[in-house]
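Below is one structure, written out as structure tokens; comments come after it.
The values are calculated or read from the model by the stated rules, or taken from the named source; none is laboratory data. None of these values were measured; they are calculated from a predicted model. Neighbour counts run over all protein chains shown; Cβ positions are idealised from the backbone, glycine included. Keep in mind that these areas ignore ligands, DNA and RNA; they rest on the heavy atoms of the full protein, side chains included. Shrake-Rupley method; radii C 1.70, N 1.55, O 1.52, S 1.80 Å.
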Amino acid sequence: MKYIYLIRHCAAEGQEPEAPLTDKGIQQSIDLAAFFKQRKVDRIISSPFKRAIQTIHPLASERDIVIEMNHQLSERVLSTRNMLDWYEKLRETYENLDLTYEGGESSREAANRVIEVVDEVLKSDAENTIIVTHGGLLSLLLNHFDKNFGFEQWATLSNPDVYLLTSKKQITFERIWN
């Protein structure tokens, strides 16, 4: 049986790749490490964005596990243009997975990136893996396994958030963060 912990990063100061965690986010990362105290972890894979790395650093440091950076876990770019109605534009990409905006990536393209990472983890020897990413990618991955997980569920994700994906005969997931 495989256990894959899908983590959305803690509270951050912004959306750019180098945006660090806020003071609250730093405390959340410590709380997250405590949350995993009784859970086995063999491997940690993270988005290369600073907020994702800082989210898992306390646990990785405590367990002496090297954080594997994977660019496929980077935040999705909706568009390179500043869109005042970005929230509605994002909603539309959950309704039409192939919709793209200028300089952006479709939901299907973004989902395929994170699905590739999960597929690799499922084929690996690691039984207990943590994947740290961003809300958009996390929601698109969960949508891949359950079409009812969409825009509305993305909007309710917290920072941080943790879902446990398990693979035995079939892949299932549940939210385990309170």
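Once the dipole of the stretch 34-123 is set up with Lys and Arg at +1 and Asp and Glu at -1 on Cβ about the Cα centre, which of Ala60, Leu90, Leu78 lies farthest towards its positive end?
The Cα lying farthest towards the positive end belongs to Ala60.
So how far apart, in nm, are the two label points at Asp42 and Glu16 if each is 7 Å from Cα heading toward Cβ?
3.9 nm
Which of the aspartates and glutamates could a cross-linker span from Lys40 if the Cα-Cα distance has to be under 16 Å and same-chain partners fewer than 8 positions apart are dropped?
Glu62, Asp64, Asp125, Glu127
Treat each spin label as a single point 7 Å out from the Cα along the C-beta direction, and report the His71 to Met1 distance in nm.
According to this spin-label approximation, the distance is 3.7 nm.
Could you calculate the contour length gain from Thr172 to Ala34, that is, 0.36 nm times the residue separation minus the distance between their Cα atoms, to one decimal place in nm? All intermediate terms of the calculation are to be shown ahead of the outcome.
On the way: separation 138, 0.36 × 138 = 49.68 nm, distance 2.44 nm.
Length difference between fully extended and current span is 47.2 nm.
What does the accessible area per residue of the chain come to in Å², with a 1.4 Å probe and no ligands, DNA or RNA counted?
Here the per-residue accessible area is 52 Å².
Output wanted: per-residue J couplings in Hz (rounded whole) for the stretch 63-74, from phi through Karplus 6.51 cos²θ - 1.76 cosθ + 1.60, θ = phi - 60°, x for Gly and Pro.
Using θ = phi - 60°, the values come out as 8, 6, 10, 6, 7, 7, 7, 9, 5, 5, 9, 5 Hz.
For the stretch 1-143, calculate the relative contact order in percent as a whole number, restricting contacts to Cα pairs under 8 Å that are 6 or more residues apart. Before the final figure, lay out the partial values.
Numbers: 243 pairs, mean separation 48.6, N = 143.
Relative contact order here is 34 percent.
Quick check: at a probe of 1.4 Å, how many percent of the accessible area of the chain sits on carbon and sulfur atoms? List each step's numbers first, then the result.
Details: 4380 of 9190 Å².
Answer for the chain is 48 percent, counting heavy atoms of protein chains only.
Tell me, in nm to one decimal, what length is gained between Thr156 and Asp23 on full extension, where the rule is 0.36 nm per residue of separation less the Cα-Cα distance?
Details: separation 133, 0.36 × 133 = 47.88 nm, distance 2.19 nm.
45.7 nm is the gain from fully extending Thr156 to Asp23.
What does the charge dipole of the chain about its Cα centre add up to, to the nearest 20 debye, if the Cβ of each Lys and Arg holds +1 and the Cβ of each Asp and Glu holds -1?
Details: 21 positive and 27 negative charges, 117 e Å.
Charge dipole of the chain: 560 debye, to the nearest 20.
Take the alpha carbon atoms of the stretch 6-40, find their center, do the same for the stretch 82-122, and report the distance between the two centers in whole angstrom.
Answer, in whole Å: 23.
If I take R0 = 45 Å and measure r between the Cβ atoms of Lys89 and Asp64 in this structure, what FRET efficiency does the formula 1/(1 + (r/R0)^6) give, to the nearest 0.05?
Working: r = 43 Å, r/R0 = 0.95.
Result of the calculation: an efficiency of 0.60.
Listed here are the pairs Lys50/Lys169; Lys24/Lys50; Lys147/Lys168; Lys37/Lys169; which of them are more than 24 Å apart at the Cα?
Values: Lys50/Lys169 35 Å; Lys24/Lys50 15 Å; Lys147/Lys168 20 Å; Lys37/Lys169 27 Å.
Pairs exceeding the cut-off: Lys50/Lys169; Lys37/Lys169.
Would you please classify the overall shape of the stretch 12-138 from the alpha carbon gyration tensor, given that a ≥ b ≥ c denote the square roots of the eigenvalues, rounded means a/c under 1.5, and beyond that prolate means a/b larger than b/c while oblate covers the rest?
Numbers: a/c = 2.58, a/b = 1.51, b/c = 1.71.
In terms of gyration-tensor shape, oblate.
Could you compute the FRET efficiency for Leu164 and Arg108, with r as their C-beta to C-beta distance and R0 at 30 Å, rounded to 0.05? Mind dumping the intermediate values first?
Values: r = 25 Å, r/R0 = 0.82.
Computed FRET efficiency for Leu164 and Arg108 comes out at 0.75.
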